[in-house]
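Here is the structure we will look at.
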Amino acid sequence: MSSIQDHLFDSEFLDLSLHYLSETLQLKITVLDSDQRPIIEKGEIGGAAARYYPFNFPQNIGGLSCAAPNPEALERAEPHINYCLASLNSQLLREIELRETSEEMLQLSSQLSFLSRVALKIIGVEELEQCYRITLREIAGAIKAEQAFLKTRGRWDEEISLALAVGQDESVTLRESECLKERGGCEHTMICAAADGSSLLCSPIREKDNKIRGQMIFLRLPNQRPFSSYEKKLVGIIENIISPTFETLRLYDSLQDLYLNTVKALAAAIDAKDEYTHGHSFRVAKYAVAIGRQLKLESKEISDLEIAAYMHDLGKIGVSEQILGKPGKLTSDEFGQIKQHPVFTDRILQPIHLAGHILQGAIQHHERLDGSGYPLGLRGQEISLFGRIIAVADVFDAMTSKRPYREAMAVETALKTLCQDVDSQFDRNAVLSLIQALQANIPNGELGELHTTLRFDALHNLKQFLLELAEIVATMPAR
Ligand SMILES: [Fe+2]
């Protein structure tokens, strides 16, 4: 049942019209609803002639029944009735427009607030996958989807695939593969139904040239109402606005890569100054990353650690090649110059405003826990985690590499030497993690990826040696 009263925001004009028709023209006016039931009655004089005038509205909302004492009176009143009816109809149309406009404004404002919320959350997030995750979760929350899936490609064409359950219903299995396989190729945002009656809302992720780069799919279970056209429109708008952001992030990823390659090139240039340290920065970076992984650092921390390790000897560019490559014993003045290289590293890196932990890692690798290191003589926890990790990686590589004045040490000897200085000079967890990383990198008794030229005195029992050494380091009393 519906009536004109449900659709008129301002009923004053209706009252005036009814008053005019009933009082001035002396008609009996009845307003009827869509079921032809009277809802308003005006005027006393009814009679032999009556006519029904429906309201002009997209749906049935009833109309006016006008009655006069005789057909002639009704005929005379008809132009007035039609005029009132036309005015009422145009008022109804204006109110429809007004309602639609205010609904659109409401929708627009909720879309804007959604977009600003997502923008605030992804500002400062540097990983593309994390941005996708935040966006997917926010959209799923906004349209009350229970599951959401995303499949796309990153900067280097690597696959990014995400699946999340928004509701906490653990009994519902995520149907990622099913959804993406069935609906993975839509070219426009669309609503469709899965075989079990779930409602799916699929939206393509586009590149700048409008090429489709991936898909987002939202799912509502069969016991929920299907997605509406408003929700489809919202996802379409969001997708259009957010796609350029993802494009920028992909570009940012490539800039990061360019930056890392530049750092590697610099590290290679430093290593090349001294034939005995060839490849040193790269190996230190490998060992540091291996230690970081054993310490379960986050992937972003590990890539920062890698950069810090590549940069750790950058300051050697300010030390003469004669001193760096001198075969004999260094004079105290020469050693004083070498001790300045972390200070030079600091000076070189200051202008590029690196994150504090990367800079600290690069310039603190000669600091020692007991304060005997250089350049600042920092102690214990004054030395950053990255500084403590790179110190272990650096010393291990120095010991296992050939020097002008000695042969490369065997891994066992180098590790034993490191272990002697655990807690006094080197961080126990970093040393333990290096041993465990070496242990984890021994396929068939060889040291696989970490360093192919490492020398072992007793390869046959290296694994056992590392196991026992790890046990000793883990259980030795604190010093
Ligand atoms: Fe160094």
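Only the coordinates and a few stated rules stand behind these numbers; no lab work does. Here the structure is a predicted model, which is why all the values come from computation and not from measurement. As a convention, Cβ positions derive from the backbone with ideal geometry for all residues, glycine included, and neighbour counts pool all protein chains shown.
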Quiz item: How many percent of all Cα-Cα pairs in the stretch 1-58 sit more than 20 Å apart?
Solution: 24
Practice problem: Using the number of other C-beta atoms within 10 angstrom as an exposure proxy, rank Y132, Y374 with the fewest first. | Solution: Y374, Y132
Exercise. Loop only per DSSP, at most 16 neighbouring Cβ atoms within 10 Å: give me the chymotrypsin sites (Phe, Trp or Tyr not before Pro) in the stretch 363-447, ordered by residue number.
Key: Y405
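Could you tell me which trypsin sites (Lys or Arg not before Pro) in the stretch 302-358 are loop residues by DSSP with no more than 15 other beta carbons within 10 angstrom of their beta carbon?
Values: sites: K316, K329, K339, R347; in loops: K329, K339.
Listed in order of number, the matching sites are K329, K339.
Can you list the GluC sites (Glu not before Pro) in the stretch 324-429 that are in a DSSP coil and have 15 or fewer other beta carbons within 10 angstrom?
Hits after loop and neighbour filter: E407.
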Quiz item: Exposure proxy check: S113, S198 ranked by fewest other beta carbons within 10 Å?
Solution: S113, S198
Exercise. Grab the other residues whose beta carbon is less than 13 angstrom from that of R388, score K and R as +1, D and E as -1, and report the net.
Key: -4
Exercise. Would you list the P(r) distribution for the stretch 4-105, with all Cα-Cα distances sorted into 5 Å bins from 0 and each bin expressed as a whole %?
Key: 2, 13, 24, 24, 17, 10, 5, 3, 1, 1, 0
Quiz item: What number in nm² do you get for the stretch 370-423 if you take the convex hull of its Cα atoms and divide its surface by four?
Solution: 4.2
Self-check item: Spatial separation of Cα centroids for the stretch 263-319 and the stretch 1-74, in angstrom
Solution: 88
Quiz item: For the stretch 201-350, what does the alpha-carbon gyration tensor say about shape, rounded, prolate or oblate, given a ≥ b ≥ c as the root eigenvalues, a/c under 1.5 as rounded, and a/b over b/c as prolate?
Solution: prolate
Quiz item: Using the scaling law 2.2 N^0.38 Å as the reference, what is the normalised Cα Rg of the stretch 273-475?
Solution: 0.99
Exercise. State, in angstrom, two size descriptors of the stretch 301-357 derived from its alpha carbons: Rg to one decimal place and Dmax to the nearest whole number.
Key: 13.5, 39
